[in-house]
Amino acid sequence: NQQKMVPGNLSHVNTFILIGVSDDPYLQVPLFFIFLVIYGVTVTGNMGIITLTTIDSRLQTPMYFFLRHLAIINLGNSTVIAPQMLVNFMVEKKSISYYGCATQLGGFLVFIVAEIFMLAAMAYDRYVAICNPLLYMIVVSRKVCIILVFLTYIYSFSTAVTVTPCVFSMSYCSSNVINHFYCDTVPLLALSCSDISMAQTVIFISAAFNMFFSITIVLVSYFYIILAILRIRSAEGRKKAFSTCASHMMAITIFYGTLLFMYLQPGSKHSLDTDKMASVFYTLVIPMLNPMIYSLRNKDVKDALKRFLNIPCQSLKNI
């Protein structure tokens, strides 16, 4: 898989080889079925959230508006990664085209950055709901929700079209074998034989800014939320207020914890094998878990699901 050099110190790479989660041939079939189940549950869960928050009149609130878009983002993130990954488990040559690799990286960046800021928007929504409940529908109006979601998608797309060309402007002249299960920035830059300092700087600044800005919003929101909860005199009131944030707190803890571990390590301490395990978590496992986190402990979603499932039953009774 060595690539030939072409004039101008650039290599012409038509395809990349993805090693995958493991290169052990005996693990390919078991891993295929494990990740097929994970992807199947992810699609079912997130499509369920999208459907319920779209059609059920009682879920037409800002909280569920943001939750619907989080489900869209989770579904998109998994779909960018999982289908190619599943195919590669079953074929001998685990290849992806040059432009396919660039598209996958771009798509991944769009959805991962969008998720970072969607979780921040949801934290702000919870802050207003608990700290200013009387003004909630005015402060977090339909117009404000649409603007926040629009800005999230525009910014994430802008990040993708900035970082992706930066990575693919590198020369790949020694190997095209990517030690990963999808095209990500770190393993791609590890293959380059040109100066990657500028690309590394752009990626690090982008990741650090995104994490700092979004985590600041989350921490400030939850600081005031905790203060507001502590001021509630009744234990029942505190419990009710806390329960409205519990699912979101669990989701952001898992997601941000994994991303901080993955992207803000010094370059010298990066282990691609460790990064692969972290990547499995936030590209495939977290999108599967989020619908469960937000629905299993949420009475409104469970009631909406019951109403949705009762529609076919009522139709059959009327036949």
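The values are calculated or read from the model by the stated rules, or taken from the named source; none is laboratory data. Only a predicted model underlies this, so the values are computations on that prediction, with no experimental measurement involved. Note that we place each Cβ from the backbone using ideal geometry, even for glycine, and neighbour counts take in every protein chain shown. Accessible surface is based on the protein model in full, side chains and every heavy atom, while ligands, DNA and RNA are left aside. Shrake-Rupley method; radii C 1.70, N 1.55, O 1.52, S 1.80 Å.
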Only one of (1) touching a residue at least 12 places away in the same chain (Cβ under 8 Å); (2) over 30 Å from PRO291 (Cβ atoms); (3) of a type in the set (Asp, Glu) fails for ASP195. Which number is that?
-> (1)
Single residue of VAL139, VAL128, VAL43, VAL144 found to be of a type outside the set (Lys, Arg) and closer than 30 Å to TYR182 by Cα | VAL43
Filtered residue count, segment 162-193, keeping only those that are over 18 Å from GLU115 (Cα atoms) and part of a loop (DSSP other than H, G, I, E, B) | 15
Apart from one, (1) surrounded by 17 or more Cβ atoms within 10 Å (Cβ to Cβ); (2) at pLDDT 80 or above all hold for MET250; the odd one out is (1)
Output the residues belonging to segment 161-178 that are modelled with pLDDT of 85 or more, crowded, with 20+ Cβ neighbours inside 10 Å and over 14 Å from ALA102 (Cβ atoms).
-> none
Looking only at helices (runs of 4 or more DSSP H) that fall completely inside segment 57-161, which ones have 3 or more residues that are β-branched (Val, Ile, Thr) and more than 25 Å from ALA241 (Cα to Cα)?
-> 62-90, 98-131
SER192 being among the polar types (S, T, N, Q), open to solvent by less than 50 Å² (accessible area, probe 1.4 Å) and under 25 Å from MET122 (Cβ atoms) | no
Residue ID - farthest from LEU189 (Cα to Cα), chosen from residues in segment 214-231 that are out of contact with any Cys (no Cβ under 9 Å at 6 or more places or on another chain) and open to solvent by 100 Å² or more (accessible area, probe 1.4 Å) | ARG231
